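Before any comments, here is the structure.
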Amino acid sequence: MHIERRPAGHGRAWPRQTMVAAATLLLAPLAGAQAYPSKPIRMVIPIAAGGGTDAMGRLIAQRLGEQLGVSVIVENRAGAGTVIGTEIVARAPADGYTLMTVAPEFVINPGLVRKLPYDPIRDFAPITQLTSGQYYLSTHPTVPVKTPKEFIALVRSRPGQVTFGSSGNGSANHLAGVLFQQMTNTKLVHVPYKGAGPAGAALIGGQIDFMFSNVASAMPFLKSGKLRAIAATGERRPAITPNVPTLAESGVPGYVVTGFFLLLAPGNTPKEIVGRLNAEAVKALQTQSMRDTLAALGLDPVGSTPEATATFIKAEIDKWIPIVRAAGAQTD
């Protein structure tokens, strides 16, 4: 009988190799997450440069870039009421290298656009709600009013003559105007633009009479006297301008329109990457310099979890759908 003798430990070599290989496979995703990011990140802003969303997107892009140690390149992709830029992000690789900063248009469009080319829930990974805020009913200084009651009296005396601008059909500041008409029984002329920036420029130039301006984008022009804040749209007066009354307290009880900015990634972005981005965004929002900057813009930092942000998005979509339909603002 032939008996083969093997070196001690030889019989355990294969299991050990298997365990090492398995451990390597298990740790690979973690290593990939730890290596993220290893190249520049694209921040898509689905409106033209110059508006509040653009300002917030550039601000958080700068802070994320500093903290992550890579360039975060801002890319404005305006058009179709933010749908064009939003679809680009929905179709982008879910690898953490394409992000998007959005405003209320993101939750309004599901009720506004009948054939939306993306699913606002399935096709996006919420990272965090960056801020909350409100709007000013702001006028060109030549409009002969200084109070909400004077403004309401003016538009009632000139039905179909007073113009207001917006960042596009179905945008938050468009629907704010629609709601104002409904609640004050007035008739206004809506002039849509391809973003809040162009609309604000038209207002400053006197081409339109007023608009519901994002606080962040309006503040510099209020300080310089190029715009006049007649009223605010929130439940309470903005802390930055306590002298500006709300519409709700000035003859339009129940009128409340608030704004926000969200940070999103394409759907199916790995949870590890979403978690990393959430942590970095929250860290940025908690810094004193960022809080001071946001306060100067009339914005409050939020920094919610991805799960809370997802819940918020769904609730906002459900809230806006009946408002859009009641206004008859749906488009193809």
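Values for this structure:
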quantity	calculated
Segment Thr142-Ser38, extension gain: residue separation times 0.36 nm, minus the distance between their alpha carbons	32.2 nm
Radius of gyration and Dmax over the Cα atoms of segment 202-309, both given in Å	17.2, 49
Tail beyond 30 Å, pair distance distribution of the chain (Cα, percent)	39
Within the chain: Cβ-based charge dipole about Cα centre, in debye rounded to nearest 20 (Lys, Arg +1; Asp, Glu -1)	180
Charge dipole (debye, nearest 20) of segment 134-232; +1 at Cβ of Lys and Arg, -1 at Cβ of Asp and Glu	140
Highest average packing first - 288-297, 76-85, Cβ atoms within 10 Å	76-85, 288-297
Angle between the chain longest axis and helix 306-327 axis [Cα atoms, degrees, rounded to 10]	30
Given charges at Cβ of Lys, Arg, Asp, Glu: the chain dipole, positive-most of Thr147, Gln62, Pro192	Gln62
Subset of Lys149/Lys187; Lys271/Lys314; Lys39/Lys271; Lys146/Lys187; Lys115/Lys314; Lys146/Lys194 violating a 22 Å alpha-carbon distance limit	Lys146/Lys194
Segment 134-232: equivalent-ellipsoid semi-axes (sqrt of 5 x gyration tensor eigenvalues, Cα, Å)	18, 16, 12
Helix axis angle, 148-157 relative to the chain longest principal axis, alpha carbon, degrees	60
Cα-centred dipole magnitude for segment 247-332, charges only on beta-carbon of K, R (+1) and D, E (-1), debye, nearest 20	140
Nonlocal amide H pairs with Leu99, under 5 Å, H built at 1.01 Å	Arg42, Met43, Val44
Theoretical gain in end-to-end length, Gln62 to Leu116 [0.36 nm per residue, Cα-Cα removed]	16.4 nm
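Bear in mind these aren't lab numbers, they're just calculated from the coordinates by the rules spelled out. This structure is a prediction, so every number in the text was calculated from the model and none was measured. Cβ coordinates were reconstructed from backbone atoms using ideal geometry, including for glycine residues, and neighbour counts include every protein chain displayed.
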